[in-house]
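All remarks here apply to the structure that follows.
The values are calculated or read from the model by the stated rules, or taken from the named source; none is laboratory data. Just so it is clear, the model here is predicted, and its values are computed rather than measured. We place every Cβ from the backbone using ideal geometry, glycine too, and count neighbours over all the protein chains shown. Ligands, DNA and RNA are excluded from the accessible area calculation, which covers all protein heavy atoms including side chains. Shrake-Rupley method; radii C 1.70, N 1.55, O 1.52, S 1.80 Å.
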Amino acid sequence: MISTITQLKTQFENALVAAFGSEFAEIDPILVPASNPRFGDYQSNVAMSLTKKLGKSPRAIAEQLVQHLDVADLCQPPEIAGPGFINLTLKPEYLETQLNSIQSDPRLGVAPVSHPKRVIVDYPSPNIAKEMHVGHLRPAVIGDCIARILEFVGHDVQRISHVGDWGTPFGMLIAHLRTAYPEALSSTENLDLGDLSTFYREAKKRFDTDAEFREVARQSVVQLQAGDEETLRAWRIVCELSSRSYRKIYDLMGILPFIERGESFYNPFLPDVVKELEQQGLLVEDAGAKCVFLEGFTNKDGKPLPLIVQKSDGGYNYATTDLAAIRYRVQVDKAQRVIYPVGAEQTNHFAQIFQVGKRAGWITDEVEFIHAPFGLVLGEDGQKLKTRSGEAIPLKELLEEAIARARTDLETRIQEEGRQESETFIENVARVVGIGAVKYADLSQNRTSNYIFSYDKMLALQGNTAPYMLYAYVRVQGISRKGQIDFEHLGSDAQVSLKEEPELVLAKHLLQLSETLAEVAQDLLPNRLCQYLFELSQKFNQFYDRCPVLQAEEPLRTSRLILCDLTARTLKLGLSLLGIEVLERM
Ligand code: ARG
C-alpha cells in the first residue's frame, strides 16, 4: 500500500507541472502533517516558496495549484488559508478503504522499500574480557532497534560487532589463564573458567601486585603479536569465555543474533591500509609516526591535527583498525549504508576516519557512512550512572534490578486484586515488563540527549512508558476475552465504517505507521516510533472510553472490533520493532 503522504505528494507534483509547466517537475511540494488538527490532516506550504519564481502572490499560486490538484479520492475539497497554505482533510470513505485493505495484511500496510540497500549496523562492541556495564546499554538497545526497523522496511541488514579483542590487556589475561588454569590450554573441551568478571578481577589483582607477573604479561603481548601458536590458543579461550558471558546478557535483553568480527579480524589488512594511504599521498611522517593530516581539525595552536595510523614503534591503533573496517565493509561486504550507533564522545573519531576513508577513495558518493551518536545514561543526581563505590554498574545487575522491581509491583497488584497466578506467569510478566521498561525508557528519549535513568519513572503505569503501552495492548486482548471474539475470524465481509470523531482520529493515526517507519529508517531516531505508539495508545483509550464496542449494534460492533484489532496489531508490531515483547495478560 502506498502511504497517504506519498500519494498526496505525487498528486501535488502532477498539479505543479499542469499549472506552471514542466520546469516545475522537481519542486518539493512541502507537504507536512497539519500543524493543528483544526486545519485538517496535511498541509502544503509550497505556494509561499514559489512567489519569487512565479512573480505572483502566494494565494494566487495556491488557487491555481488547487484547480489542477486531483485529490478527490483522498480528501475533502482543499482549503486555502492564511497567506497561502493548502489544507487537506482526509475523507472518511478513503480512510475506510485503507483500513479495510490493511486488515488482512500482516505488514499492516507497510510496503517494503522499492530499492533495498545493503546496510551494516555496527553492534555493541565491548572491549573483551571486561564485564558489560551500563555504557553498553545504549548501543545494544539502539543498534538492535535500528537494525530491526531497517530490516522490516525491506533492507538487507548485517549486524556486526566490532569487539575490542586485541591489545595490551590481553597479556594479563593470557598470563593468568596459563598459570591459574593450565589445563584449559591442553584440554579440547570447554573448561569452566568461572565467570568473566571474577577472572578479570583476579588477573588485574595479580597484575597490580606482582612485578614478576607483570613481566610475564608483557611477554605474552609480544608473543601474541608475533603469532605464537600457544599464546593464540590462550587468547582464543579468553575471547570465547567473554563472548559466552556477553551472549547471556544479550539473550536476557532479547538482542537478535549478530556477527562478531572483532578488531583482530582486521590485523592482516593493516599494513595494506597504511600502504594505500601512502600511495594516495596522504601519509606524512611526524616524529616517527605515520599520520594523515586532517582537514578542518586543528590543535590548540591552530595547526592541522594529525591522525596517527602507525605509531613510531610500528604498532597500529583503534583508528587504523576502523579504517580497515571501512575499506572491508565497502569493498568486500559491498555495504551501501553503514551505521555506527556509538556514544557522542566518539564523534571526532568517526568524523576523522570517515574523512580519511573519503580521501583514500574507499567511501565513494554511492555509500553512506553515518555515526548515530547517543548521549549518556545519568543517575538521578545528574551524574554518570555509577555504583556506590564509583564503578560503572554492570549491565546484568541493572537489568536484574528492573526485573525484580517489576516483579514486586506485579506481586502487590496480584495480592490487592486477590488473583491466583502461577510462578511461570509472574516470572514471564516481570521479565517482559522489566526489560521492556529499560529499553523503552532509552528509546523514547531523543537519541542524541543524555537521560536520567529512573526505575520508578520507567516502570510507571502512566505516561510515556512501556507498561502504559503494554496495558493498552492487554486492554484490547481483554475485550476479545470478554466478548469471546476471535479477531482473526471477524468474517470476510467485515468492514470498517467511521462515524464518531474518536474513531476518525484513531483511524488516521493507524494509517500513519508506514510514514513513521520511513522517517525512522531515514533519520535513525527511534523516539519517533515511541511517540507514534504512545499517541496510538492515547487515541485508542479515548476511543474506547467514548465509543461502546461490545455493546454496540451491528454492523458498528464489528467495525469497532476491527479498530481494536488493528490497534493491538500495530502496537505489537511497533513494540517488536523496538525489541519489546507484548503480553496477553499482565
Ligand atoms: N570498542 C569500542 C569502545 O569500547 C567501541 C567500538 C565502536 N565501533 C567501532 N567500529 N569503532 O569504545
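So, with a 1.4 angstrom probe, what is the percent of accessible area on segment 51-190 that is carbon and sulfur?
Here it works out to 51 percent.
Compute, for Lys130, the solvent-accessible surface of its heavy atoms (probe 1.4 Å) with the complete set of protein chains present, and express it in square angstrom to the nearest 10.
Its accessible surface works out to 100 Å², give or take rounding.
If you place +1 on the Cβ of every Lys and Arg and -1 on the Cβ of every Asp and Glu, how big does the dipole about the Cα centre of the chain come out, in debye to the nearest 20?
So the magnitude is around 720 debye.
Roughly how many nanometres apart are two label points built 7 Å out from the Cα toward the Cβ at Lys53 and Glu421?
Calculated label separation equals 5.9 nm.
In nm, to one decimal, how far is the Ala404 label point from the Thr364 one, both placed 7 Å along Cα→Cβ?
Reported label-point gap for Ala404 and Thr364 is 5.6 nm.
As a test of reading the structure, rank Asp210, Asp41, Asp251 by solvent-accessible area (1.4 Å probe, protein chains only), most first.
Largest accessible area first, the list is Asp251, Asp210, Asp41.
Calculated FRET efficiency, Tyr318 and Ile27, Cβ-Cβ r, R0 35 Å, to nearest 0.05?
0.15
Which stretch or stretches of segment 504-520 have amide N atoms under 18 Å from the point lying 7 Å from Leu256's Cα along the Cα→Cβ direction?
Zone members listed by number: 514, 517-520.
If one computes the Cα centroid of segment 230-257 and of segment 72-133, what distance in Å separates the two points?
Cα centroid to Cα centroid, the span is 38 Å.
Can you work out the accessible area per residue across segment 49-198, with the rest of the protein chains kept in place, probe 1.4 Å, in square angstrom?
That works out to 42 Å² for each residue.
Å³ per residue of the Cα convex hull, for segment 142-211?
Hull volume normalised by residue count: 152 Å³.
Once you have a ≥ b ≥ c as the square roots of the Cα gyration tensor eigenvalues for segment 241-370, tell me rounded if a/c is under 1.5, and otherwise prolate or oblate according to whether a/b is larger than b/c.
The shape class here is prolate.
Show me the three semi-axes of the equivalent ellipsoid for the chain, from the C-alpha gyration tensor (sqrt of 5 times each eigenvalue), largest first, rounded to whole Å.
So the equivalent ellipsoid measures 50, 35, 19 Å along its semi-axes.
Going by a ≥ b ≥ c, the root eigenvalues of the Cα gyration tensor, does segment 193-239 fall in the rounded group (a/c under 1.5), the prolate group (a/b larger than b/c) or the oblate group?
Taking the square roots of the gyration eigenvalues as a ≥ b ≥ c, segment 193-239 is oblate.
Sort largest first and round to whole Å: the equivalent ellipsoid semi-axes of segment 305-461, each the square root of five times a Cα gyration tensor eigenvalue. Working shown, then result.
Details: eigenvalues 381, 68, 39 Å².
Equivalent ellipsoid semi-axes, largest first: 44, 18, 14 Å.
Determine the per residue accessible area of segment 241-381 with all protein chains present and a 1.4 angstrom probe, expressed in square angstrom.
That works out to 48 Å² per residue.
By a straight-distance test (C-alpha under 20 Å), which lysines pair with Lys334 as possible cross-link partners, with residues fewer than eight away in the same chain excluded?
Cross-link targets: Lys117, Lys358.
Out of all DSSP beta bridges in the chain, what portion is antiparallel? Express it as a percent rounded to 5. Don't skip to the answer; put the middle values down first.
Numbers: 22 of 41 bridges.
Antiparallel bridges make up about 55 percent of those DSSP assigns within the chain.
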